[in-house]
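A.B. asks: First the structure, which I've put down as C-alpha cells, then a few questions once you've had a look.
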2 protein chains.
Amino acid sequence: MAYELYYWDGIQGRGEFVRLALEEADAPYEDVARSPGGMQRMSRFLEGKEDQQMPFAPPFLKDGDLVISHVANILHHLGPRLDLAPDEEKGRTFVHGLQLTITDLVTEIHDTHHPLGVDDYYEDQKTEAKARSRAFLESRLPKFMGYFEKILSLNPAGPQHIYGDRLTYVDLSLFQLVEGLRYAFPKAMFSFESRIPLVRALHGTVKSRPNINRYLESDRRLPFNESGIFRHYPELDQPD
Amino acid sequence: MAYELYYWDGIQGRGEFVRLALEEADAPYEDVARSPGGMQRMSRFLEGKEDQQMPFAPPFLKDGDLVISHVANILHHLGPRLDLAPDEEKGRTFVHGLQLTITDLVTEIHDTHHPLGVDDYYEDQKTEAKARSRAFLESRLPKFMGYFEKILSLNPAGPQHIYGDRLTYVDLSLFQLVEGLRYAFPKAMFSFESRIPLVRALHGTVKSRPNINRYLESDRRLPFNESGIFRHYPELDQPD
C-alpha cells in the first residue's frame with residue numbers, strides 16, 4: 001500500500017525532508033495535496049474529522065491506520081521500513097536525536113525572515129529580520145553546522161555518513177539543509193562552507209545518488225521560493 | 001540502575017518535562033549537573049569526549065549505554081519503561097507527535113523574550129519582545145492550546161487524559177505548560193483559560209497526583225525564574 005504524504009502544495013517546506021527519504025528508497029507514495037481533491041482530504045485531518053489522530057500542522061504521513069505528525073516522527077517511523085535507519089535501538093535513538101536538532105535548526109532558519117511572528121508579513125518585519133539573520137549567520141549557523149561536522153568526524157566508521165557505514169535519513173536531511181542554505185544565503189555559505197568540509201562532501205555524495213539525482217531532475221522537485229523555509233532575500237545575506 | 005539526567009542547574013527549563021515523568025513514576029535518577037562535579041561530567045558529553053553520541057545541548061539522558069538527546073526523544077524512550085505511554089505503536093506514535101507539538105510551542109514561548117536571537121540580552125530586544133509577545137498571546141497561544149483542548153475533546157475514552165484512559169507523559173507536559181504560562185503571563189492566562197476548560201481540568205488532576213504533589217513541595221522543584229523558558233516580564237503580559 002502506498003504511503004500518503006500530506007503537505008502544502010507550492011513549496012518544498014518541511015515536507016521535503018520526508019520526500020527525500022521516500023524518493024531515495026523508491027517507495028510508493030501519494031503526495032496528497034498535489035493531487036486533485038487533495039487539499040480537501042488534507043483539511044479533513046486538520047479539522048479533526050477523521051479521528052483523534054488530528055495533526056497540528058502538515059506534514060503528516062498516513063501509513064495504513066497510522067497518522068504520523070512531525071517530520072522527525074515520520075522519519076523515525078519510516079527509517080527502518082525504508083532501510084534508512086540503523087538496525088539497532090542505540091543507533092535509531094541517536095539519529096532521531098540528530099533529526100530533532102535539524103528540526104530546531106529549521107525553526108531558526110524560518111525565524112530569520114519571521115522574527116516577530118509567523119502571522120505577519122516579512123515586509124513588516126524587515127529590520128528585525130536583518131538583526132536576526134545577522135545573529136544567525138554569525139553565531140547560530142556555525143554552532144549548528146559545526147556540530148554536524150563534529151559528529152561526522154567522530155563517526156568510528158568514517159566521515160562519509162552521519163552514522164555507521166551507510167546512508168540514513170539524516171544524511172538526506174543534511175543535504176537538504178545545505179541546498180536550502182545555499183539558496184537563502186549564497187554569499188554567507190560561499191565563505192562559510194570551507195569550515196565544514198565533511199558536511200560539504202556529504203552533500204555532494206547524496207546529490208549524486210541515482211534516485212536523488214533522478215528526483216531532483218523531475219518536476220516533483222519544486223524550486224525553492226519565497227514562501228518556504230529557505231527564502232532568498234538578498235538584504236538578509238552577508239554583506240559584500 | 002539509576003537514570004542519569006543531564007541539564008543545567010538553576011532553572012526548570014526543558015529538563016523539567018523529563019523530571020516530571022521521572023518523579024511521577026518514582027524512578028531512580030541522578031540530576032547530574034546538580035551533583036558535585038556534575039557540570040564537568042556534563043561537559044565531557046557536550047565536548048564529544050565520551051563518544052559519537054554527543055548531544056547538541058542539554059537535556060540529555062543516559063540510560064545504560066544509551067545517550068538520548070532532546071526532550072521528546074527522551075520521553076519517547078522513557079514512556080514505556082515508566083508506564084507513561086500507550087502500549088500499542090499507534091498510540092505511542094501519536095503521543096510522540098503531541099510531544100513534538102509541545103516542543104514547538106516551548107520554542108515559541110522562548111522566542112517571546114528572545115525574538116532577535118538567543119545570544120543577545122533581553123534588555124537589548126525589549127521592543128521586539130513586546131511585538132512578538134503580543135502576536136503570541138493573540139494568535140499562537142490560542143492556536144496551540146486550542147489544539148490540545150480539541151485533542152482532549154476527541155479522546156474516545158473521555159477528556160480526562162490526552163490519550164486513552166490513563167496518564168501519559170504528555171499529560172504531565174501539558175501541566176507544566178499551564179504552570180509556566182501562568183507564571184509568565186498571569187493576566188493573559190487569567191482571561192484565556194476559560195476557553196480551554198479541559199486543559200485546565202487536566203492541569204488540576206495532574207497537580208493533585210501524590211508523586212507530583214510531593215515533588216512540587218520538595219526542594220528538587222526549583223521556582224520559575226527569569227533565566228528559564230517561562231519568564232515573567234510584566235511588560236510582555238496582556239495590558240490591563
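A.B. asks: What pairs can you find where one residue is in segment B:171-184 and of a type in the set (S, T, N, Q), the other is assigned to a helix (DSSP H, G or I) and open to solvent by 10 Å² or more (accessible area, probe 1.4 Å), and their Cβ atoms are less than 9 Å apart, with a gap of 6+ or different chains?
C.D. replies: Taking only residues 6 or more apart or on different chains, the pairs are B:S173/B:V71.
A.B. asks: Within segment A:98-136, can you find the residues that are open to solvent by 30 Å² or more (accessible area, probe 1.4 Å) and among the hydrophobic types (A, V, I, L, M, F, W, C)?
C.D. replies: A:V118
The rows are residues; the columns are (1) within 22 Å of the chain's Cα centre (by Cα); (2) open to solvent by 40 Å² or more (accessible area, probe 1.4 Å).
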position	(1), (2)
A:L22	yes, no
A:E30	yes, yes
A:A33	yes, no
A:P36	no, yes
A:Q40	no, yes
A:E47	no, yes
A:Q52	no, no
A:K62	yes, yes
A:I68	yes, no
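A.B. asks: Follow-up question, since we're still on this one. Scan segment A:204-240 residue by residue and report those that are closer than 20 Å to A:F136 by Cα and not in a loop (DSSP other than H, G, I, E, B).
C.D. replies: Matches in segment A:204-240: A:P234, A:E235, A:L236.
A.B. asks: Considering only segment A:85-97, state which residues are in contact with a helix residue (DSSP H, G or I) (Cβ under 8 Å, 6 or more places away or on another chain) and open to solvent by less than 20 Å² (accessible area, probe 1.4 Å).
C.D. replies: A:A85, A:P86, A:T93, A:V95, A:H96, A:G97
A.B. asks: Give segment A:47-64 a look and list any residue that's touching a helix residue (DSSP H, G or I) at 6+ places or on another chain (Cβ under 7 Å) and part of a loop (DSSP other than H, G, I, E, B), or say none.
C.D. replies: Correct list: A:G48, A:E50, A:Q52, A:Q53, A:M54, A:P55, A:F56, A:P58, A:P59.
A.B. asks: Turning to a different aspect of this structure: Can you spot a residue in segment B:65-81 that is farther than 30 Å from A:R134 by Cα, in contact with a Pro (Cβ under 8 Å, 6 or more places away or on another chain), part of a strand (DSSP E or B) and within 11 Å of chain A (Cβ to nearest Cβ)?
C.D. replies: yes
A.B. asks: Another question, then. Consider only pairs whose beta carbons are under 7 Å apart and that are at least six residues apart or on different chains; among these, list those whose first residue lies in segment A:211-240 and is of a type in the set (K, R) and modelled with pLDDT of 95 or more and whose second residue is surrounded by 13 or more Cβ atoms within 10 Å (Cβ to Cβ) and in a helix (DSSP H, G or I).
C.D. replies: So the pair list comes out as A:R221/A:Y215; A:R231/A:H113; A:R231/A:A184.
A.B. asks: Being of a type in the set (D, E, K, R), part of a helix (DSSP H, G or I), facing chain B (nearest Cβ under 9 Å) and under 16 Å from A:F230 (Cβ atoms) is the requirement here; does A:R182 meet it? Full working, then the answer.
C.D. replies: Values: of a type in the set (D, E, K, R): yes; part of a helix (DSSP H, G or I): yes; facing chain B (nearest Cβ under 9 Å): no; under 16 Å from A:F230 (Cβ atoms): yes.
Considered against the rule, which asks whether it is of a type in the set (D, E, K, R), part of a helix (DSSP H, G or I), facing chain B (nearest Cβ under 9 Å) and under 16 Å from A:F230 (Cβ atoms), A:R182 comes out as no.
A.B. asks: Also: Among the residues of segment B:157-170, how many are within 15 Å of B:V95 (Cβ to Cβ), in contact with an Asp or Glu (Cβ under 9 Å, 6 or more places away or on another chain) and without any contact (Cβ under 8 Å) to a residue 40 or more places away in the chain?
C.D. replies: 2
A.B. asks: Let me ask something additional. Within segment A:70-84, track down each residue that is open to solvent by less than 20 Å² (accessible area, probe 1.4 Å) and farther than 12 Å from A:A21 by Cα.
C.D. replies: A:N73
The values are calculated or read from the model by the stated rules, or taken from the named source; none is laboratory data. Computed from a predicted model, the values in this text were never measured in an experiment. Every residue, glycine among them, receives a Cβ derived from its backbone with ideal geometry; neighbour counts consider all protein chains shown. All accessible areas refer to the heavy atoms of the entire protein, side chains included, with ligands and DNA or RNA removed. Shrake-Rupley method; radii C 1.70, N 1.55, O 1.52, S 1.80 Å.
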